[in-house]
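**Student:** Submitted below is the structure of interest, expressed as structure tokens.
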Amino acid sequence: MNDAALAQETRLTYASYLELGRLLDIQRPRSRAHDEMMFIVVHQVYELWFKLLLHELTCLQERLEADDSDPALHTLRRCVAVLQVAVDQIDVLDTLTPAQFAGFRDCLGSASGSQSAQFRELEAVLGARDRIVLEHYEEGSAERLRIEAAMNRPSLLDSFLSYVSLQGYPVPAEVLRRNPALPFEATQPLREVLAQVNHDDMVAAQVAQGLLDLDQLLQEWRYRHSKMVQRMIGARRGTGGTSGADHLRATWARPAFPVLWEVRGA
């Protein structure tokens with residue numbers, strides 16, 4: 001290591017490594033309400049968890065498509081752990097009363113959690129192909145391009161089915177060659193293959209179980225988020241023009257991997 005590199009290494013501190021100066025300077029409440037700081041911090045932390053999940057899910061897809069079982073399972077367990085923390089984090093938001101939220105709600109203007117581009121990208125990675133969500137982002141914007149790219153490439157389920165094929169199961173060729181930009185439609189031959197995966201109870205079944213754990217936590221997050229919004233604003237419209245709790249309630253039981261649930265009892 002040369003002198004310049006050594007000096008740089010010596011100067012590196014906990015604060016400089018994590019860029020805490022910038023990180024702790026981006027919480028900018030728009031009101032005098034005490035509770036707005038918590039609201040901002042929790043949502044910023046959510047965006048960091050979403051960023052980590054997208055990072056890990058990219059790695060998970062690569063490992064599945066490379067038939068790399070043990071590292072794939074390890075990455076999948078990490079994804080589940082991260083999403084579990086995201087679910088538990090709602091406990092903090094649940095301390096916000098309707099009166100406290102009303103103290104700064106008007107300062108949010110048209111801002112809404114439904115505008116989270118990273119969450120929309122995460123949904124696309126998991127298989128969502130509802131292109132209506134793209135309308136909420138300016139054409140040509142970085143956010144829209146990322147979501148659109150995720151919708152056009154293989155989803156996590158596609159990568160899992162590729163892995164199942166590499167594990168020696170006869171996944172139908174039309175499933176492996178399907179256009180990933182289209183919504184996934186399960187066929188009976190595929191259901192039979194996945195039922196056999198569960199019956200054999202080998203490593204592919206462990207991966208399938210991990211995907212269901214991930215799916216279950218996502219549904220739990222949606223449910224708890226919806227109930228939290230209902231407690232805070234009741235039947236009032238949400239910020240950003242959404243229908244508030246009604247808008248979120250419609251997504252409660254929408255699984256990311258319906259075919260994996262369908263074959264559980266087969």
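**Student:** How many residues are in a helix (DSSP H, G or I), within 30 Å of T97 (Cβ to Cβ) and of a type in the set (D, E) if we restrict to segment 7-43?
**Tutor:** Within segment 7-43, residues that are in a helix (DSSP H, G or I), within 30 Å of T97 (Cβ to Cβ) and of a type in the set (D, E) number 1.
**Student:** Residues that are more than 28 Å from R77 (Cα to Cα), at least 1 per element: which helices (runs of 4 or more DSSP H) completely within segment 139-238 meet that?
**Tutor:** 142-152, 173-176, 188-200, 203-233
**Student:** Return yes when D94 is of a type outside the set (V, I, T), closer than 26 Å to Q219 by Cβ and surrounded by fewer than 17 Cβ atoms within 10 Å (Cβ to Cβ) and no when it is not.
**Tutor:** For D94, the condition - of a type outside the set (V, I, T), closer than 26 Å to Q219 by Cβ and surrounded by fewer than 17 Cβ atoms within 10 Å (Cβ to Cβ) - is met.
**Student:** Can you confirm whether segment 27-45 contains a residue that is loosely packed, with under 13 Cβ neighbours inside 10 Å and acidic (D, E)?
**Tutor:** No, that holds for no residue.
**Student:** Identify, from the list V164, V171, the residue that is buried (at least 19 other Cβ atoms within 10 Å of the Cβ), β-branched (V, I, T) and over 24 Å from the mean Cα position of the chain (by Cα).
**Tutor:** V171
**Student:** Restricting attention to segment 177-204, which residues are closer than 18 Å to V263 by Cβ, surrounded by fewer than 16 Cβ atoms within 10 Å (Cβ to Cβ) and of a type in the set (A, V, I, L, M, F, W, C)?
**Tutor:** A195, M202, V203, listed by residue number.
**Student:** Of everything in segment 78-91, what is surrounded by 14 or more Cβ atoms within 10 Å (Cβ to Cβ) and either part of a helix (DSSP H, G or I) or among the acidic types (D, E) (or both)? Give them in sequence order.
**Tutor:** R78, C79, V80, V82, L83, Q84, A86, V87, I90
**Student:** Here are the criteria: (1) surrounded by fewer than 13 Cβ atoms within 10 Å (Cβ to Cβ); (2) under 18 Å from the mean Cα position of the chain (by Cα); (3) hydrophobic (A, V, I, L, M, F, W, C). Tell me which single one L24 does not satisfy.
**Tutor:** L24 satisfies all of (1) surrounded by fewer than 13 Cβ atoms within 10 Å (Cβ to Cβ); (2) under 18 Å from the mean Cα position of the chain (by Cα); (3) hydrophobic (A, V, I, L, M, F, W, C) except (2).
**Student:** Please specify each residue of segment 107-132 satisfying the condition of being part of a helix (DSSP H, G or I), among the small types (G, A, S) and out of contact with any Asp or Glu (no Cβ under 7 Å at 6 or more places or on another chain).
**Tutor:** Within segment 107-132, G113, S114, A124 meet the criteria.
**Student:** Evaluate segment 44-58: report whether one residue or more is in a helix (DSSP H, G or I), among the polar types (S, T, N, Q) and touching a Ser or Thr at 6+ places or on another chain (Cβ under 8 Å).
**Tutor:** No: zero hits.
**Student:** Inside segment 35-51, can you point out the residues that are β-branched (V, I, T) and over 17 Å from T95 (Cα atoms)?
**Tutor:** Residues satisfying the conditions do not exist here.
Rule-based calculations on the coordinates, nothing more; no lab input. None of these values were measured; they are calculated from a predicted model. In this analysis, Cβ positions are derived from the backbone assuming ideal geometry, glycine residues included, and neighbour counts consider all displayed protein chains.
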